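The values are calculated or read from the model by the stated rules, or taken from the named source; none is laboratory data. Every value quoted in this text rests on a predicted model; they were computed, and no experiment measured them. Glycine also receives a Cβ, built like all others from the backbone with ideal geometry; neighbour counts cover every protein chain displayed. The area values use the complete protein model at the heavy-atom level, side chains included, leaving out ligands, DNA and RNA. Shrake-Rupley method; radii C 1.70, N 1.55, O 1.52, S 1.80 Å.
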Amino acid sequence: MKTNRFMEMALDEARAAGERGEVPIGAVVVLDGAVVARAGNRTRELNDVTAHAEVAAIRMACDVLGQERLVGADLYVSLEPCTMCAAAISFARIRRLYYGAEDPKGGAVDNGVRFYAQPTCHHAPEVYSGLNETESAGILRTFFAEKRELP
């Protein structure tokens, strides 16, 4: 099993999001080996469809660093990013993307539109999938199983 301390932090953010009633996805931005930002989904809390973990972490990192791009930064996220998040990662010029579980239905990196493989994509990060994949998928499966059990 591939694991990583930054991915563990992303999973902590995912669990916290799930406890708030959000879809349990977490993200961590790392620059030069230091955590710059970490976030979980907050779409329901903020009534904002763009408040995905990746976008929230990117926004926070840009604010902390006082810049619009994150050249040289790495992003760890518990689930394969959707098209919106893949675009934000590209526009932020993230160096490397590490993600846990694949998302055959909503993912846009290795599934779906395969955003970074499109000729219109100006910047594609290096992509590494499968970090803590079983745990990442398990958090999501448990969350949705519990939702189905509610009256």
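Let me have the 222 nm mean residue ellipticity of the chain computed from DSSP H runs of 4+ only, each contributing -39500 (n - 2.57), with the sum over all residues rounded to the nearest 500.
Details: 5 runs with 58 residues, N = 151.
Theoretical 222 nm ellipticity from helices: -12000 deg cm²/dmol.
Using the crude model of +1 on Lys and Arg Cβ and -1 on Asp and Glu Cβ, and no other charge, please compute the dipole size for the chain relative to its Cα centre, in debye to 20. Working shown, then result.
Values: 17 positive and 21 negative charges, 36 e Å.
Taking the Cα centre of the chain as origin, the dipole is about 180 debye.
In degrees from 0 to 90, rounded to the nearest 10, what is the angle of the helix 53-65 Cα long axis to the longest principal axis of the chain?
So the inclination is approximately 40 degrees.
Measure nothing fancy, just the Cα-based angle from helix 5-19's long axis to the longest principal axis of the chain, in degrees from 0 to 90, nearest 10.
40 degrees
Using a Gaussian network model on the chain with a 10 Å cutoff between Cα atoms, which of Gly18, Gly66, Gly100 fluctuates the most?
Gly66
Please give the helix 133-149 orientation as an angle from the longest Cα principal axis of the chain, in degrees from 0 to 90, rounded to the nearest 10.
That helix lies at roughly 40 degrees to the long axis.
Does the range 43-84 come out rounded, prolate or oblate, given a ≥ b ≥ c as the square roots of the eigenvalues of its C-alpha gyration tensor, rounded meaning a/c under 1.5 and, failing that, prolate meaning a/b above b/c? Present the calculation step by step, with values, prior to reporting the outcome.
Numbers: a/c = 2.42, a/b = 1.38, b/c = 1.75.
Oblate, because a/c is 1.5 or more while a/b does not exceed b/c.
Given an 8 Å cut-off on Cα distances and at least 6 residues of separation, report the relative contact order of the chain as a percent.
Details: 343 pairs, mean separation 32.1, N = 151.
With pairs under 8 Å counted, the relative contact order is 21 percent.
Please list, in chain and number order, the residues 5+ apart from Ser78 or on another chain whose amide H is under 5 Å from its amide H, with Hs placed from the backbone.
For Ser78, the qualifying residues are Gly26, Gly100.
Give the long-range amide H neighbours of Ala73: residues separated by 5 or more places, or on another chain, with amide H under 5 Å away, using H modelled in the peptide plane at 1.01 Å from N.
Amide H to amide H, under 5 Å and 5 or more residues apart or across chains, Ala73 pairs with Arg95.
Could you tell me the distance between the Cα centroids of the range 108-133 and the range 39-106, to the nearest Å?
Using only Cα atoms, the two centres lie 13 Å from each other.
In square angstrom, what is the accessible area per residue of the chain with a 1.4 angstrom probe? Let's see the in-between values first.
Working: 7780 Å² over 151 residues.
For the chain, the per-residue accessible area is 52 Å².
Determine the share of the range 26-126's accessible area contributed by carbon and sulfur atoms, expressed in whole percent, with a 1.4 angstrom probe.
On the way: 2400 of 4760 Å².
The computed percentage sits at 50.
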